[in-house]
Amino acid sequence: MSDEGTVNEMTKEPDVRSPEVHTAAVSFTGPAGQRFLRVSQFAQGLVYSPTAFLFLAAAVVMLGYSVVAFVDTVTATSGPEFPVTMVTLINDLLLVLIIMEVLATVLSYLREQAFTLLPFLFIAAISATRRILAVGAAMSVEQLEPEEFRQSVIDLGVNAGLIVALTLALFLLSRTRVRLWRESDAVETTPPTSGD
């Protein structure tokens, strides 16, 4: 009996109620932990709020600069250089969109206290588009050496592939969100059974 008792004690599973086993799960459940979480969220709000304001100010300044630079360039250059000037304007406007997407991400965090993946996919797609426009504009106005031309073509191909991959990721993410929304809606609208 003593041997069996020793074996049972050795093979006995640890007590799941032991605080040493689940310290990470219960570290913020007490009053002190909840107070710390509230203070942390308040401090994050103090940091994120002026950050959002600065992003908005940067977007407005960049938008104004883009328009002024476009007008000045158009009035100072000849007709053949107008397409390059237009590409530069589009590139600057895409930068404004990137800033606004980051601003939307910060505002989403302030509202929901959580980040989402969707804005970062948009930012990556816009960044890849800006790079394609920049490389394309450089290739159209400059006489590139063979090695530089090859590097530019590789750059265009990589960014184009990145845009395709991001488009696929956005499509799959949107389908997943729609499916989850339909499932949750179906659960909410399911009538109770007679046994309930």
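Taking the Cβ of residue 144 as the center, what net charge do the other residues with Cβ under 13 Å away carry, scoring Lys and Arg +1 and Asp and Glu -1?
In short, -4.
What is the spin-label model distance, in nm, from residue 39 to residue 175 if the labels are put 7 Å beyond Cα along the C-beta direction?
For residue 39 paired with residue 175, the spin-label model returns 4.8 nm.
Here, each number is a calculation from the coordinates, and none is a lab measurement. No experiment lies behind these values; they were computed from the predicted model shown. Positions of Cβ are backbone-derived with ideal geometry, glycine not excepted, and every protein chain shown enters the neighbour counts.
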